Amino acid sequence: MSTKIADLSDRIARRILAGDFGPSGEVFLTARRIVREYDVSLDSAMRILSALTDARLVRLEGNRYYVTTGYAAPDSPLREKLARTRRKVLGMILNAIDSPFFSSLAKELSTAVDHAGYSLLIADSGNRPERDAELLDRFIGLGAAGIFIAPSISADLTLYSRCPLPLVSLGRDLGLPNCDAVTVNNEAAGRQAADHLRAVGCGRFAYVGIRQYLEEDPRLRGYSEQLNRLGIRLERDFVLAADQPPDRGLDYESFSGSLGALLLRTGEDEKLGIFCYHDLLASYTLQRVKHYSHLYPGRFRVPEDVAVVGFDDLPVASVIVPPLTSVRYQVGAIAGVALTSMLDYIGDPGHTPGKHEIFSSLSIRGSTMKTARTEPEDAT
């Protein structure tokens, strides 16, 4: 694209964002009108429209382009166009459908959506940002009435901020003005984990998270802030992170060495408390701690020397040895609130997107508390 066309595309983009061509959903300029108003060739006009489409500022439906700067009102030309193909279908874009949390949530939401008279189409982006865009376009093209989203970790949120359909984010507040968010109160959960670990006698504390989330991880934030209130500093070296490469699951080995070094830095008279981003990280952490307890007999015993708390309260939490203490929340409640928000968004043109928090509780098990043991009866 020539510098002239790129500059002109940028200028028109700024005008679209300023509202000069009307609100989201309005009909945009045709290629021939761009030719007349900006004194360019038809080929240049088509290149400009292509650039604006790539930027998600306009969308081609049929033989017309429409402004897409966010949610489009039901009576807008774009929504009226889409309504001709709209069915009682809702879309669901997940970044990792094999995640225990998302698979459970998809099941609950599918049941709730069915009871409401809709069908739910579920798609997995595999944590690939380009796949987010493809799936969003597909759901719009299929005539979905709204879309539940859990975007890829590195997704460009502009993609969603310019979506003309109702959006409800699951498990993460995206901070978008056109999107409801249904989340667990992660900061409160972090505070709860800190209080519990302190109550069971921990004097040093660590956190195991996911590297791509660390900078904006509310679980870590709540955990660290509560420790500060208790007069305890969460040392930087005691915040560990697992890598999650694109198109792959978590690389658990990526923090194994750091965990071993952390354990060896913990004094024999200190009890270490570890809070993990989710139960699968916590399960792996327990496994590695037990490995070190075999290498160093009398040290790193769970829960006497090391206490571990997970998050999600997955079925695995109650069957591993020792059973895992975990933050628990009701997936059914998340699904119910998400659907209620979506139906209100679809049915009420004046709907104002907001944030809805689901609070958690703590399932206390053997990874932080000693389990009662039955003493053998005296043979005499």
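Numbers below:
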{"quantity": "Condition broken by E357, with the remaining ones in (1) at pLDDT below 95; (2) farther than 17 Å from A181 by Cα satisfied", "calculated": "(2)"}
{"quantity": "Any hit, the range 342-350, residues being of a type in the set (A, V, I, L, M), touching a helix residue (DSSP H, G or I) at 6+ places or on another chain (Cβ under 7 Å) and closer than 28 Å to S99 by Cα", "calculated": "no"}
{"quantity": "In the range 83-98, residue nearest to D156 (Cα to Cα) [restricted to those that are part of a loop (DSSP other than H, G, I, E, B) and under 11 Å from the mean Cα position of the chain (by Cα)]", "calculated": "N95"}
{"quantity": "Members of the range 27-41 that are farther than 18 Å from D7 by Cβ and surrounded by 11 or more Cβ atoms within 10 Å (Cβ to Cβ)", "calculated": "V27, F28, T30, A31, R33, R36"}
{"quantity": "Candidates L281, L286, L324, L272 - the one that is more than 30 Å from G146 (Cβ to Cβ), in contact (Cβ under 8 Å) with a residue 24 or more places away in the chain, open to solvent by less than 10 Å² (accessible area, probe 1.4 Å) and over 28 Å from the mean Cα position of the chain (by Cα)", "calculated": "L272"}
{"quantity": "Qualifying residue in the range 368-378 (condition: surrounded by 16 or more Cβ atoms within 10 Å (Cβ to Cβ) and either modelled with pLDDT of 95 or more or under 30 Å from T111 (Cβ atoms) (or both))", "calculated": "yes"}
{"quantity": "Of the criteria (1) open to solvent by 40 Å² or more (accessible area, probe 1.4 Å); (2) in contact (Cβ under 8 Å) with a residue 12 or more places away in the chain; (3) outside any loop (DSSP other than H, G, I, E, B), which one N228 fails", "calculated": "(2)"}
{"quantity": "Enumeration of residues in the range 216-225 that are open to solvent by 70 Å² or more (accessible area, probe 1.4 Å) and either assigned to a loop (DSSP other than H, G, I, E, B) or farther than 22 Å from Y329 by Cβ (or both)", "calculated": "none"}
{"quantity": "Residue that is nearest to the chain's Cα centre (by Cα), among those in the range 155-166 that are under 12 Å from G70 (Cα atoms) and crowded, with 20+ Cβ neighbours inside 10 Å", "calculated": "Y160"}
{"quantity": "Pair list, Cβ < 6 Å and 6+ apart or interchain, from the range 182-195 residues that are farther than 15 Å from D217 by Cα to residues that are part of a helix (DSSP H, G or I) and at pLDDT below 95", "calculated": "V182/I334"}
{"quantity": "Among residues of the range 167-189, those that are part of a strand (DSSP E or B), within 12 Å of the chain's Cα centre (by Cα) and not polar (S, T, N, Q), counted", "calculated": "5"}
{"quantity": "Which listed residue, of G117, G126, is small (G, A, S), under 17 Å from the mean Cα position of the chain (by Cα) and assigned to a loop (DSSP other than H, G, I, E, B)", "calculated": "G126"}
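The values are calculated or read from the model by the stated rules, or taken from the named source; none is laboratory data. Not measured: the values here are computed from a predicted model. Using ideal geometry, Cβ is built from the backbone for each residue, glycine included, and neighbour counts are taken over all protein chains shown. SASA here: full protein model, heavy atoms, side chains in, ligands and nucleic acids out. Shrake-Rupley method; radii C 1.70, N 1.55, O 1.52, S 1.80 Å.
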